[in-house]
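Inspection log for the structure reproduced underneath, given as structure tokens.
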Amino acid sequence: MESADLIVNADYVLTMNQALAVIKSGAIAIKDGKLAAVDTAARIAKNYSAPKIISGEGKVAFPGLVNTHTHAAMVYFRGLSDDLPLKVWLEEHIWPAEAKWLSPEFVGDAVELACLEMLKAGITTYADMYFFGDAVAQSTRKIGMRAVVGAGIVDFPSATGNNADDYLANAERFITKWKGDDLIVPSIADHSAYACSPETLKKSKALADRHDVLLQIHLSETEWEVKEILSRYGRRPVAHLDALGLLDERLIAAHCVWLEPEEITLLAKSKTSVSHCIESNLKLASGIAPVVKMQQAGVRVSFGTDGAASNNDLSILSEMSTAARVHKALSGDPTALTAKQAMLMATRHGAEALGLGNLCGSLEHGKAADVVLADLNRPHLVPLYDIYSHIVYSMNAADINTVLVNGEIALEGRKLINADEAEILAKAVQWGRKIRG
Ligand SMILES: [Zn+2]
């Protein structure tokens, strides 16, 4: 008999390992934050004892969902302006609001709300692109989530700098401060090829390589962006990044809506990862990324919510459901983007895209215990024939019951453990009053 810190039982355990093994009447033994064993409940009960055991009756356990592209603090701008094209929305509404309101206090409070929402939607890891990275990191740690926090880089002045060199210097300081943290992974976030000059992009890449951190960017999100980059540099955005040496497996590109076949080949060959943000793209009418074609070419595609001001929620369950339907309709092929493929994109492929493939994304011995328990005993989830189908096509955030990150319980019975939910909501209402004016 071995000792564990915690045993989690579940009617179904989706491992999302290479064999995509699903264990009926399964259990997970957790020790020192890691998965000591993932097996049948009978074998775990025989081999492990623990001071705390979660029964998991009527529940499914799966790896924490991974949100590979968001701007967490933008939850405070949710619903501030909608039903506009990206360029107008961004330049006339969002950037002015950010210029007026962004501060470490704003970002810290907003990120608590975003983490609460994501945790309650079964997300354990997210990749963030924003400013005031220390505030993002501190609030994420407080809630008890894992994040790849990108220090934002643009060429224009904002609340955190006057020019690209300011942002780059801040990014280096941020990376040095947070490298080695058990929950926060520092990263660099270039806004886009239209908001960052070739020189800024090259300096960012050099900095990312020097510290071996992930580079994040928005890429080919709109038709306007493609035309703009073509007119400025005489090449399309993907070719532009390729020429600057940015494409490789340490780059995650959000959107990639407007791609020519040769650009898909470039992304595949360079092992660049793509974060598919379908709900944001649909709402801003930016277009629909050619996900099926990218996957056929071997591009690793995962899911991102993008910011709450353009989605307008932070749920990967919802992204999976939308994407699996839209790509079937778009390709005229109901066998395209299956529930199983969607679940892989939301878990293991997302973790790999963020460079965390060895740490999370599947429930396998030795990985961090980032585990979600969701209720199955719900009107829209009985009877059950195919667990992947239910998670992707029927489940929603309200079904998420308990969430562990790094072996620690962050949400139990839908209750936030590390902070006061009512206080987080009250602070959001207060900020909203100020922002509305
Ligand atoms: Zn974005």
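Residues that are among the hydrophobic types (A, V, I, L, M, F, W, C) and in contact with a Lys or Arg (Cβ under 9 Å, 6 or more places away or on another chain) within the stretch 302-324 comprise 308, 309, listed in sequence order. Residue 268 fulfils the conditions (1) open to solvent by less than 30 Å² (accessible area, probe 1.4 Å); (2) closer than 27 Å to residue 34 by Cα; (3) away from the ligand (no atom under 16 Å from the Cβ); (4) not hydroxyl-bearing (Ser, Thr, Tyr) except for a single criterion, (2). Checking 338, 347, 322 one by one, the residue that is β-branched (Val, Ile, Thr), out of contact with any strand residue (DSSP E or B) (no Cβ under 6 Å at 6 or more places or on another chain) and farther than 26 Å from residue 86 by Cα is 338 and no other.
Is it true that some residue in the stretch 121-142 is in a loop (DSSP other than H, G, I, E, B), open to solvent by less than 10 Å² (accessible area, probe 1.4 Å), more than 13 Å from residue 72 (Cβ to Cβ) and of a type in the set (Val, Ile, Thr)? So far as the stretch 121-142 goes, no, none of its residues is in a loop (DSSP other than H, G, I, E, B), open to solvent by less than 10 Å² (accessible area, probe 1.4 Å), more than 13 Å from residue 72 (Cβ to Cβ) and of a type in the set (Val, Ile, Thr). Residue count for the stretch 324-359 under the criterion of being within 18 Å of residue 372 (Cα to Cα) and either within 16 Å of the ligand (Cβ to nearest atom) or buried (at least 21 other Cβ atoms within 10 Å of the Cβ) (or both): the result is 10. For the residues 433, 414, the requirement of being in contact with a Lys or Arg (Cβ under 8 Å, 6 or more places away or on another chain) and open to solvent by 70 Å² or more (accessible area, probe 1.4 Å) singles out 414. Considering only residues that are polar (S, T, N, Q) and over 29 Å from residue 173 (Cα atoms), look in the stretch 210-249 and name the one that is farthest from the ligand (Cβ to nearest atom). Here the answer is 231.
Can you tell me which residue within the stretch 306-323, out of those that are crowded, with 23+ Cβ neighbours inside 10 Å, part of a helix (DSSP H, G or I) and of a type outside the set (Val, Ile, Thr), is nearest to the ligand (Cβ to nearest atom)? Looking at the filtered set, the residue picked out is 319. Reported count of residues in the stretch 172-210, each being open to solvent by 40 Å² or more (accessible area, probe 1.4 Å) and not aliphatic (A, V, I, L, M), is 13.
Please verify whether residue 185 is closer than 21 Å to residue 74 by Cβ, of a type in the set (Val, Ile, Thr) and within 16 Å of the ligand (Cβ to nearest atom), treating the condition exactly as stated. Judged against the criteria, residue 185 is not a match. Residues in the stretch 59-91 that are within 27 Å of residue 372 (Cβ to Cβ), away from the ligand (no atom under 14 Å from the Cβ) and open to solvent by less than 20 Å² (accessible area, probe 1.4 Å): 60, 61, 62, 63, 64, 65, 66.
Taking the numbered list (1) touching a residue at least 24 places away in the same chain (Cβ under 8 Å); (2) crowded, with 17+ Cβ neighbours inside 10 Å; (3) within 20 Å of residue 390 (Cβ to Cβ) in turn, residue 23 passes all entries but (1).
If you go through the stretch 80-108 and keep only what is of a type in the set (A, V, I, L, M, F, W, C) and assigned to a helix (DSSP H, G or I), you end up with 86, 88, 89, 90, 94, 95, 97, 99, 101, 106, 107.
Can you give me the number of residues within the stretch 288-305 that are within 15 Å of the ligand (Cβ to nearest atom) and either open to solvent by 30 Å² or more (accessible area, probe 1.4 Å) or more than 13 Å from the chain's Cα centre (by Cα) (or both)? Please lay out each step first, then the result.
From the stretch 288-305, those within 15 Å of the ligand (Cβ to nearest atom) are 289, 302-305; that's our starting set.
With the extra rule that they be either open to solvent by 30 Å² or more (accessible area, probe 1.4 Å) or more than 13 Å from the chain's Cα centre (by Cα) (or both), the set shrinks to 289.
Residues in the stretch 288-305 being within 15 Å of the ligand (Cβ to nearest atom) and either open to solvent by 30 Å² or more (accessible area, probe 1.4 Å) or more than 13 Å from the chain's Cα centre (by Cα) (or both): 1 in total.
The set of residues in the stretch 374-391 that are aromatic (Phe, Trp, Tyr) and in contact with a strand residue (DSSP E or B) (Cβ under 8 Å, 6 or more places away or on another chain) contains only 388.
State all residues of the stretch 392-408 that are open to solvent by less than 50 Å² (accessible area, probe 1.4 Å) and out of contact with any strand residue (DSSP E or B) (no Cβ under 7 Å at 6 or more places or on another chain); if no residue qualifies, say none.
First pass over the stretch 392-408, keeping only residues open to solvent by less than 50 Å² (accessible area, probe 1.4 Å): 392, 394-395, 397, 399-407.
Answer for the stretch 392-408, where residues must be open to solvent by less than 50 Å² (accessible area, probe 1.4 Å) and out of contact with any strand residue (DSSP E or B) (no Cβ under 7 Å at 6 or more places or on another chain): 392, 394, 397.
Of all the numbered requirements in (1) hydrophobic (A, V, I, L, M, F, W, C); (2) under 18 Å from residue 133 (Cβ atoms); (3) touching a residue at least 12 places away in the same chain (Cβ under 8 Å), residue 169 misses one, and that requirement is (3).
The values are calculated or read from the model by the stated rules, or taken from the named source; none is laboratory data. Every value quoted in this text rests on a predicted model; they were computed, and no experiment measured them. Neighbour counts run over all protein chains shown; Cβ positions are idealised from the backbone, glycine included. Heads up: the accessible areas ignore ligands, DNA and RNA and are worked out on the full protein's heavy atoms, side chains in. Shrake-Rupley method; radii C 1.70, N 1.55, O 1.52, S 1.80 Å.
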